[in-house]
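Reading through the structure tokens given below for one structure.
The values are calculated or read from the model by the stated rules, or taken from the named source; none is laboratory data. All values derive from a computational prediction rather than experimental measurement. Positions of Cβ are generated from backbone atoms using ideal geometry, with glycine treated the same way; all protein chains shown enter the neighbour counts. Each accessible area value is taken on the protein alone, full model and side chains, heavy atoms only, with ligands, DNA and RNA left out. Shrake-Rupley method; radii C 1.70, N 1.55, O 1.52, S 1.80 Å.
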Amino acid sequence: MKILVTGGLGFIGSHTVVELQNEGFEVVIIDNLSNTTEKVIDGIVAITGKKPIFEKMDLRDKADVKDFFARHSDVSGVIHFAASKAVGESVENPLLYYENNINTLVYLLQELSQKPEAQFIFSSSCTVYGQAEEMPITEDASVQPAISPYGNTKQIGEEIIRDTAKVTNVNAILLRYFNPIGSHPSAEIGELPIGVPQNLVPFITQTGMGLREKLSVFGDDYPTIDGTCIRDYIHVVDLAKAHVVALQRLIGNKNEQKVETFNVGTGTGSTVLEVINTFEKVSGKKLPYQIVGRREGDVITAYANTDKANNVLGWKAQSTLEDGLASAWKWEQKIRS
Ligand code: WQD
């Protein structure tokens, strides 16, 4: 089967392309290269020996999307990663986020809903929960009003998909990611460093390499074991595999509803200081950091209840925080060598 992966040259997208190829799927990638480079294809080929079809395209161009599906009429399975994902940037430039994250979703669904059947896997985020009342977070935890336009586009995206699936032949699975980290063990693909990292782990690995003077820890006065925020850090290869399992579920008509939602995390929470300590252990480096003020919009704690993913989807994270940090460090050293 030929599967479209939008944003397939991005961090999670490229790891998912590898896992799809490992499962024998033919992959066509659409990417506008706004946050990645075409060289990522070389990394994918180095791992799997198979070159995916790549089309440089911007999904904001409705006519181009229509033309793509006319040329690839055998595509009925789509894994949709292409979106803008920087929380802070979304606050500064909301219309960029609503155009790029919502319009593109609508154009894809307009094409898929013309087909006799279609499978759609959507990249959602635990950010939709805001600060959930109960830990670990289950899929039926209430969706809180979004604290950023980025988070809002994920909530709106989920609603658009639910409304569309009700009246078309589109079946969908929404994957709510926790915090993706790490890179493929081969270090052929990983998180590309573009600009100053907003996320914790790439900032840590760049600090470990001496590219950053020190890590700023955004607050240590939270009501947690050591005062720093808790997150569920999931290895990107585990996350990628969850997409393939979800797609196979829909292809095999195993889904129990037209739209199913799964939290994709490890089920374990780690504080920022625990991540720092674990990085020091796996790298043998002392990480310079300083405690600074809290970051606007941070939730205190977020980690997944993975029962539904484990028992219904049939997927379970295999890697630990240590594995994720060790692979992130290996990747950072490789790209700086
Ligand atoms: C993790 C923890 C920070 C950087 C975001 C998005 C989410 C998803 C993943 C897209 C927090 C602390 C961070 C730093 C720090 N993105 N931190 N110093 O905010 O949990 O999630 O990225 O899908 O939607 O919301 O991830 O890595 O930015 O932060 O102390 O330099 O590390 O305060 O507690 P976050 P993060």
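Within the accessible area of the chain, the carbon and sulfur atoms contribute 49%, probe 1.4 Å, all protein chains present.
Loop-resident GluC sites (Glu not before Pro) (DSSP state other than H, G, I, E or B) in region 148-225 with no more than 14 further Cβ atoms inside 10 Å of their Cβ: Glu213. Within straight-line reach of Lys56, meaning a Cα separation under 12 Å, sit the following aspartates and glutamates at least 8 residues removed in sequence or on another chain: Asp31, Glu38, Asp64. Remark: the Lys39-Thr320 segment gains 98.3 nm on full extension, using 0.36 nm per residue and subtracting the alpha carbon distance. Distances between placed amide hydrogens fall under 5 Å for Ser125 paired with Tyr177, all partners being 5 or more residues away or on another chain.
Only aspartates and glutamates eight or more places from Lys330 in sequence, or on another chain, were considered; those with a Cα closer than 15 Å are Glu188, Glu191, Glu280, Glu322. With all protein chains kept in place, the per residue accessible area of the chain amounts to 43 square angstrom at a probe of 1.4 angstrom.
For the pair Arg294 and Lys51, a Förster radius of 30 Å applied to the C-beta separation gives a FRET efficiency near 0.05, rounded to the nearest 0.05. Applying a length cut-off of 18 Å (Cα extent along the axis) and a mean Kyte-Doolittle floor of -0.5 to the DSSP H helices of the chain leaves 236-251. Give Lys2/Lys115; Lys51/Lys308; Lys39/Lys115 a once-over and call out the pairs whose C-alpha atoms are over 23 Å from each other. Those over the limit are Lys51/Lys308; Lys39/Lys115.
Computed over the chain, the per-residue total of -39500 (n - 2.57) for DSSP H runs of n ≥ 4 gives a 222 nm mean residue ellipticity of -11000 deg cm²/dmol, rounded to 500.
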